[in-house]
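Notes follow once the structure below has been shown.
The values are calculated or read from the model by the stated rules, or taken from the named source; none is laboratory data. Everything quoted here is computed from the prediction, not taken from an experiment. Cβ: placed from backbone, ideal geometry, glycine included. Neighbour counts: every protein chain shown.
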Amino acid sequence: SYKGNRAMTRYEFAAGLNACLDRITELIAAATSNLATREDLAILQRLQEEFAAELAALRGRVDSLEARTAELENNQFSTTTKLKGEVLFWLNDTFGERAAARGEPSGNDKTETSFSYRVRLQFDSSFTGEDLLLTRLQANNLNELSEPELTNTLMTLAAIDEGDGNNDVGIDLMFYQFPIGERAQALIGPTGVDLDDVSVVLSPFADEGNGTISRFGRRNPTSFRGPANAGVGFSYAFNDKFQVNVAYLADDPANPAESAGAFNGAYSALGQLVIEPNDSLAFTLGYVRKYWGKDGVDITNGTGSFKAQDPFDGVPTTADNVGFQANWRVNEKFEVGGWFGSTWARPETSNGNDDDDVTIINGMLYFAFPDLFREGNLGGLMVGVPPIVTDGGDDDSLKDDDTSIHIEAIYRFQVNDNISLTPGLFVITNPNHDDINDTIWITTFRTQFVF
């Protein structure tokens, strides 16, 4: 539009003239007496002839725009749903000796270079403009590095290591989120819902598609991993600085069998307080109560040592978990943060007692470098201790013998809005928290496509 602070172009004048002609036509059609003299009409005719080319071009553009709009309306995917997609290519290899654990001795690294993929199609639907129905399809051909014949440790699992993928397409996440008033949000989901979907994760490396390359590096397993699949979540923001999240998630709620279902099987119950004193600083403090039946006990959700994962060897287990995380954006180019988690687990058996409790801790410190060397890129360094049993109660054999250190470095290069490349390396010292095991090196090259 013409702003009045420069000379008007012929096309701008033609646009204004066209609007005037349309208005004059309306006035003449509605008038009961003559509103234009012969001289006025002569001037209009002269202007139309002088700007005939510009008026024709303007009307042609309008006609073209209307045609393209009509075509878009007739062929759009949906008026309520947006389609998003992500494809990951994952090149991976490990170096070092296989760790000793689970009755298996240490030995030579027998892993080969692997090339895997994961593809996701996500449908975001909204019916009011403020709600969200999310449905995500996924297929992959991923395999776990933790198998005994490979690295024999959970500490080498990749960020997208989701186990024995066989290229089948299925729904891996579905939930409906909606507002309650101005400050509250509710979420209900029948499948694929995890603890990080119903709480706040502060780490800039949490996304496995463009963040960390390791499973442990994504988030605190104490607070954000546990028995989960379906359930409900609720969030309430008191103001811009304080928010509370609560949730209940069940592992197998669709199963009506004994020791299963929504309330009699494995579950996680979460409460989280989020504090943001200002735009650059944030903290969270969370508590999670978790329970597993005799099958599938996995306290650390595929991170840390095997002793920390299932200290009581398949016995039904309850765990109380407390987790803290912080993130400080020092400036636009540098962030520092981390987390600490503590777990108190005990067996749920008829002869169990308080002396059977074990204590498991984990922690991570990270440094993030947004826009490193170029806008959109991300550099990262992470140093942490994967979940480790520090106290076995009356049974010292439940304790881990030594301490593993997780060291990781990544650099994400943003090629454009749709493609990123991420080379990365993470190192595990004393794998399985046992100094008889040699250091394992895991190298990765990840390519992400989004659309």
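Checked against (1) within 20 Å of residue 435 (Cβ to Cβ); (2) exposed (fewer than 15 other Cβ atoms within 10 Å of the Cβ); (3) out of contact with any Ser or Thr (no Cβ under 8 Å at 6 or more places or on another chain), residue 416 meets all criteria but (1). Residue 199 - would you say it is touching a Phe, Trp or Tyr at 6+ places or on another chain (Cβ under 6 Å), in contact (Cβ under 8 Å) with a residue 12 or more places away in the chain and among the small types (Gly, Ala, Ser)? Here the answer is no, as residue 199 does not meet what is asked.
Within region 389-413, the set of residues being among the β-branched types (Val, Ile, Thr), crowded, with 18+ Cβ neighbours inside 10 Å and farther than 27 Å from residue 209 by Cβ comprises 389 only.
For region 90-139, residues that are surrounded by fewer than 16 Cβ atoms within 10 Å (Cβ to Cβ), of a type in the set (S, T, N, Q) and modelled with pLDDT under 80 total 1. Residues in region 288-310 that are assigned to a loop (DSSP other than H, G, I, E, B) and touching a helix residue (DSSP H, G or I) at 6+ places or on another chain (Cβ under 9 Å): 297, 298, 299, 300, 301, 302, 303, 304, 305. Residues that are within 13 Å of the chain's Cα centre (by Cα) and either in the same structural domain as residue 409 (by TED's automatic domain parsing) or assigned to a strand (DSSP E or B) (or both) do occur in region 166-186.
Return a yes/no flag: does region 352-364 have any residue that is exposed (fewer than 15 other Cβ atoms within 10 Å of the Cβ) and farther than 17 Å from residue 319 by Cβ. Looking for residues that are exposed (fewer than 15 other Cβ atoms within 10 Å of the Cβ) and farther than 17 Å from residue 319 by Cβ, one finds none in region 352-364, hence no. For region 428-443, the tally of residues that are surrounded by fewer than 20 Cβ atoms within 10 Å (Cβ to Cβ) and either touching a Phe, Trp or Tyr at 6+ places or on another chain (Cβ under 8 Å) or among the charged types (D, E, K, R) (or both) stands at 5.
The single condition among (1) touching a helix residue (DSSP H, G or I) at 6+ places or on another chain (Cβ under 9 Å); (2) surrounded by 15 or more Cβ atoms within 10 Å (Cβ to Cβ); (3) not small (Gly, Ala, Ser) that residue 367 does not satisfy is (1). Applying the condition of being modelled with pLDDT of 75 or more, surrounded by fewer than 14 Cβ atoms within 10 Å (Cβ to Cβ) and among the charged types (D, E, K, R) to region 70-89 and asking which residue is nearest to residue 214 (Cα to Cα) yields 84. Here residue 253 meets each of (1) touching a helix residue (DSSP H, G or I) at 6+ places or on another chain (Cβ under 9 Å); (2) not aliphatic (A, V, I, L, M); (3) not in a strand (DSSP E or B) with one exception, condition (1). Residue count for region 283-314 satisfying the condition of being surrounded by fewer than 20 Cβ atoms within 10 Å (Cβ to Cβ), modelled with pLDDT of 90 or more and either farther than 18 Å from residue 344 by Cα or of a type in the set (A, V, I, L, M) (or both): 2. In this structure, residue 199 qualifies as in contact with a strand residue (DSSP E or B) (Cβ under 9 Å, 6 or more places away or on another chain), in a loop (DSSP other than H, G, I, E, B) and not charged (D, E, K, R).
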